[in-house]
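Worksheet: the structure to be examined is printed underneath.
The values are calculated or read from the model by the stated rules, or taken from the named source; none is laboratory data. Predicted, not measured: the structure shown is a model, and the values here were computed from it. For neighbour counting, all protein chains shown are included, and Cβ atoms are generated from backbone atoms with ideal geometry for every residue, glycine included. What goes into the accessible areas is simple: the full protein's heavy atoms, side chains included, and nothing from ligands, DNA or RNA. Shrake-Rupley method; radii C 1.70, N 1.55, O 1.52, S 1.80 Å.
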Amino acid sequence: MRRWWPGLLLVSPSIVAIAVFVYGLLGWNFKVAMTDQHDEISQGHFVGLENFTGIWDQERWGISVRHAVVFTVVFVVGALVLGWFLAFLMEKGIRGEGGFRAIYLFPMAVSFIATGVVWRWLMNSGTGERAVGLNRLLPDFLQWHWFRDPGWGMAAMAVPAIWQMSGYVMALFLAGFRGVPEELRESARVDGCTEWQVYRHIVLPYLRPVTLAALIILGHISLKVFDLIVAVSGKQIITDVPAIFMWNAVFDSHDPAKGATIAAYIVISVCVFVVPYLIWNARRRDGR
Amino acid sequence: MATVAVSMAGLLSLSACGGGSDKTESGGQAAAKKVEVFSWWTGPGEADGLKAMEAIFAKQYPQFSFFDAAVAGGSGDQARALLSSKLQANQPPDTFQGHAGAELQGYIKGGKLESLNFLYDELKLKSVFPQQLIDQISVQGQVYSVPVNIHRSNILWFNPSVLKTAGISAAPKTVDEFIADLDKVKKAGKIPISIGSQWTLVHLLESTLLGSLGTDAYNALWTANADWSSADVTKALTNFKTILSYAGTPQEDWQPAAKQVADGEAAFNIMGDWAYGYFHNPPDGGLGKASKTDFDWAPSPGTDGTYLWLSDSFTLPKGAPNRDGAIAWLKVAASKEGQDAFNPKKGSIPARKDADKSLYTDYLAWDLDQWSTDKLAGSIQHGVVANDAWRTAINDAVGLFQQDQDVAKFQTALADAAKNSGQ
């Protein structure tokens, strides 16, 4: 009895704050999403899941979901592969590792807004004689319209995000690599494994938890992405994602219910990433 | 004599007393004396204009102190988001900037704004602003804002030397001529018309609609018995599609698109008259180009004689902490002196008809002249004719049209937008 209450007292402010500002507001958001309050003045009435199903009839919603999926896949895979590769190179013990590590991690310190402003220029859509930014460095047949490309523009949008986050992924993987006990590798080598087999059967399985953690972190950043896209292209359909659509619904067309519905979908999609991870984590801990 | 002196001294001390007590009062209500003016005028030119108006305010109303609550961000996106949360929490600034017209409707319906009819009557504003302007910003006979400036949306900017190479002698007068000219420029190997991000297409759409439909039909689109499904609208939207097919690669915003014209890469650009300052101002803020030789302008095709206007205005929110101060500010904003101080700096013209013409030169002189004679039509993208919900829906429709180029679907989307606008 006497042993737990100081602890509880210590954490209770944050419990209260989280209860009100996270879960309380989340709940409120879901409540608004289930009303027909389509302007700021009227009192909404409960309409159940009507908004959640109705939004799929809107062409713009389909586009923004498709964009979010393309962005997420390219960004997560790109950052994981690049981050892993950088860590793999570092793990070989190159000279001046500390310097390289700092250089690769630096982009993390930049905000997405600043990244976006710079990359907006780098990804200028001018080609041929009018090329500026990256197109100027590329041969003619490789120049393209970057994020203005109607088909794969969102893949281009993922490039600055990969640039920014791959250093962080590298740091995670590097820690993972370093966590593999040297004895294990040595004994595998003694048993006649080639260096490739050592990686394939010893190191990679060790990296699985790190990979999963990186996947979760990148995935939830990606599904909520807003600032980067606003900084690069503003609020245009051509690079629309749910978070932009939500801003548009709430602040431009003044439709709280629609905005709350989109916000709810964003939360749900992040949960799809995070909850299985939490369950898996909890199980693993129990297993030990 | 002595008695006179004594009584004089008494009077003096009395008046001194009066002054003193006044001062203590003002000291006690220092917070209430502050007038919070909320705007998004932070850029070059506009911020200077605001300063000039502030100086007049300080001179005329020394009992109030001006508090500049400007939020940066072009066309006020960020500012409006903050403002709407302030109003919802019933913590309005004393007065705030808004585009005159339908953009304010949400606030009016929400009962957030006071009618300014009393001020219009007191200052006889109905006789100094054009009647059509008053009509277009009135909601059920009530006016809710004081227009400070007027900008023109339907301007066709062009590069005279590019036109010459393409064999075009004068700016196109009609939409059909315009399309023919675009084709000539294309054959000459230049970008026929430059465009920017999505909103610049909505801007282009409003000029195309006005030019194709004519002023009365355009103005009718925003009334209760509008017919968005008519064949005329189909024709206008087809024109829009044709014009877009001659467009260059979309640029980041309106400035890079305008710059393509100034640099001689593109022939035409349709943009509001704020582009004039960008073309003309010295480098560091502008491009330093000579008007009439490096760049020139005309009413956008088919719209000669009509002024597609937009206007920044100030309002009086209900429950303004310092209502008297806000009214004092509105009086300055409505005055000839205030508007003539603000507008030459901002690069716009006064809404008043009695402005001092000598202050406005080059483009602005032409503009002021047109303002006093033209018929008026309100801008879509800049908040005059469509409320926020409607404007956002039109923006969505244009964004989708940009991708699929389907006129029939576009027209349906616009008709639905009109129907669902709740305006």
Problem set entry | Long-range amide H partners of B:PHE96 with built H, under 5 Å | B:PHE38, B:THR315
Seminar exercise, completed: Ordered by number, the residues of region A:37-70 that have at least 50 Å² less accessible area in the complete protein assembly than on their own chain alone (1.4 Å probe) are A:GLU40, A:ILE41, A:GLU59
For this session: Considering only B:ASP296, B:ASP48, B:ASP356, give the residue with the highest GNM mean-square fluctuation for chain B, with springs between Cα atoms whenever their separation is below 10 Å.
Result: B:ASP356
Exercise. Between A:LEU89, A:SER166, A:LEU49, whose Cα lies farthest towards the positive end of the dipole of region A:43-175 when Lys and Arg beta carbons carry +1 and Asp and Glu beta carbons carry -1, centred on the Cα centre?
Worked result: A:LEU89
Exercise. How large, in percent, is the carbon and sulfur part of the accessible surface of region B:99-138 at a probe radius of 1.4 Å?
Worked result: 53 percent
Seminar exercise, completed: Plugging the Cβ-Cβ distance of B:GLN91 and A:LEU142 into 1/(1 + (r/R0)^6) at R0 = 51 Å yields, to the nearest 0.05, a FRET efficiency of 0.40
Seminar exercise, completed: Once amide hydrogens are built 1.01 Å from N within the peptide plane, the residues lying 5 or more places from B:LEU308 or on another chain with amide H under 5 Å from its amide H are B:SER153, B:ASN154, B:ALA377
For this session: With a point put 7 Å past each Cα toward its Cβ, work out how far B:SER161 is from A:ILE268 in nm, to one decimal.
Result: 5.9 nm
For this session: Add +1 for every Lys or Arg and -1 for every Asp or Glu among the other residues with Cβ under 13 Å from the Cβ of B:LYS259, and state the total.
Result: -3
Exercise. Using the Karplus equation 6.51 cos²θ - 1.76 cosθ + 1.60 (θ = phi - 60°), what ³J(HN,Hα) coupling, rounded to whole Hz, does each residue of region B:337-352 give in order, writing x for Gly and Pro?
Worked result: 4, x, 5, 6, 7, 6, 5, x, 6, 6, x, 9, 10, x, 6, 6
For this session: Compute the label zone of A:TRP121 within region A:164-186: residues whose backbone N is under 20 Å from the point 7 Å along Cα-to-Cβ.
Result: A:164
For this session: Could you state the accessible area per residue of chain B in Å², with a 1.4 Å probe and every protein chain left in place?
Result: 40 Å²
Seminar exercise, completed: Here region B:411-422 yields Karplus 3J(HN,Hα) values (6.51, -1.76, 1.60; θ = phi - 60°; whole Hz; Gly and Pro given as x) of 5, 4, 4, 5, 5, 4, 4, 5, 5, 8, 5, x
For this session: Using the Kyte-Doolittle scale, find the helices of chain A whose mean hydropathy is at least -1.0 and whose Cα atoms extend 20 Å or more along the helix's long axis, counting only whole DSSP H runs.
Result: A:59-91, A:153-178, A:204-223, A:256-287
Exercise. Taking Cα centroids, how far is region A:124-182 from region A:196-221 in Å?
Worked result: 22 Å
Exercise. Of all accessible surface on region B:274-327 at a 1.4 Å probe, what whole percent is carbon and sulfur?
Worked result: 48 percent
Exercise. Once the Cα atoms of helix B:388-404 and of chain B are each reduced to a long axis, what angle between those two axes, in degrees from 0 to 90 to the nearest 10, is obtained?
Worked result: 20 degrees
For this session: Would you mind computing, in nm to one decimal, how far apart the modelled labels at B:THR293 and A:PHE85 are, each placed 7 Å from Cα along Cα→Cβ?
Result: 5.4 nm
Exercise. Which of A:GLN164, A:GLN236, A:GLN58 moves most in a GNM of chain A, Cα contacts under 10 Å?
Worked result: A:GLN58
Exercise. Label points 7 Å out from Cα along the Cβ direction at A:LEU105 and B:GLN140: separation in nm?
Worked result: 6.3 nm
For this session: Rounded to whole Hz and in sequence order, give me ³J(HN,Hα) for region B:292-303 from the Karplus expression 6.51 cos²θ - 1.76 cosθ + 1.60, θ = phi - 60°, writing x for Gly and Pro.
Result: 6, 10, 7, 8, 8, 9, 7, x, 4, x, x, 10
Problem set entry | C-alpha long axis of helix B:231-245 to longest principal axis of chain B, angle in ° | 80 degrees
For this session: Compare each residue of region A:247-267 in its chain alone against the assembly with all protein chains, and report those whose accessible area goes down by 20 Å² or more; 1.4 Å probe, heavy atoms.
Result: A:TRP247, A:PHE251, A:ASP252, A:SER253, A:HIS254
Problem set entry | Distance histogram for chain A (every C-alpha pair counted, 5 angstrom bins, percent rounded to whole numbers) | 1, 5, 9, 11, 13, 13, 13, 11, 9, 7, 4, 2, 1, 0, 0, 0
For this session: Taking amide H positions as placed in the peptide plane 1.01 Å from N, state which residues far from B:VAL143 in sequence (5 or more) or on other chains have amide H under 5 Å from it.
Result: B:LEU116, B:ASN117
Problem set entry | Buried accessible area, chains A and B (both chains, 1.4 Å probe, Å² to nearest 100) | 2100 Å²
Exercise. Could you give the distance between the Cα centres of region B:66-136 and region A:1-59, to the whole Å?
Worked result: 33 Å
Exercise. Per the 1.4 Å probe, what fraction of the accessible area of region A:44-287, in percent, lies on carbon and sulfur atoms?
Worked result: 67 percent
Seminar exercise, completed: Note to self: C-alpha centroids of region B:293-362 and region A:72-114 sit apart, in Å, by 53 Å
Exercise. What FRET efficiency, computed as 1/(1 + (r/R0)^6) with R0 = 25 Å and r the Cβ-Cβ distance, is obtained for A:VAL20 and A:PHE226, rounded to the nearest 0.05?
Worked result: 0.60
Problem set entry | Net charge, B:SER84 excluded, C-beta distance under 11 Å - Lys, Arg +1, Asp, Glu -1 | 0
For this session: Please compute the net charge surrounding A:ARG60, taking Lys and Arg as +1 and Asp and Glu as -1 over other residues with Cβ under 14 Å from its Cβ.
Result: -4
Exercise. Among the lysines, which fall within straight-line cross-link reach of B:LYS353, defined as a Cα-Cα distance under 25 Å, with same-chain neighbours fewer than 8 residues apart omitted?
Worked result: B:LYS51, B:LYS59, B:LYS124, B:LYS126, B:LYS331, B:LYS336, B:LYS345, B:LYS375
Exercise. Using helices alone, what [θ] at 222 nm do you get for the protein assembly as shown, with -39,500 (n - 2.57) per DSSP H run of 4 or more residues, divided over all residues and rounded to the nearest 500?
Worked result: -18000 deg cm²/dmol
Problem set entry | Anisotropy class of region A:1-138 from Cα gyration tensor, a/c 1.5 cut | oblate
Exercise. Among the lysines, which have Cα under 20 Å from the Cα of A:LYS31 when same-chain residues fewer than 8 positions away are ignored?
Worked result: A:LYS258
For this session: Return one whole number: the accessible area per residue of region A:44-287 in Å², for a 1.4 Å probe.
Result: 49 Å²
Problem set entry | Principal-axis tilt of helix B:77-88 within chain B, Cα atoms, nearest 10 degrees | 50 degrees
For this session: For region A:125-173, list whatever residues lose no less than 40 Å² of accessible surface once every protein chain is in place, relative to that chain by itself, with the probe at 1.4 Å.
Result: A:ARG130, A:ARG148
Exercise. What shape does region A:190-288 have by the C-alpha gyration tensor, where a ≥ b ≥ c are the square roots of the eigenvalues, rounded means a/c under 1.5, and otherwise prolate means a/b greater than b/c and oblate the rest?
Worked result: oblate
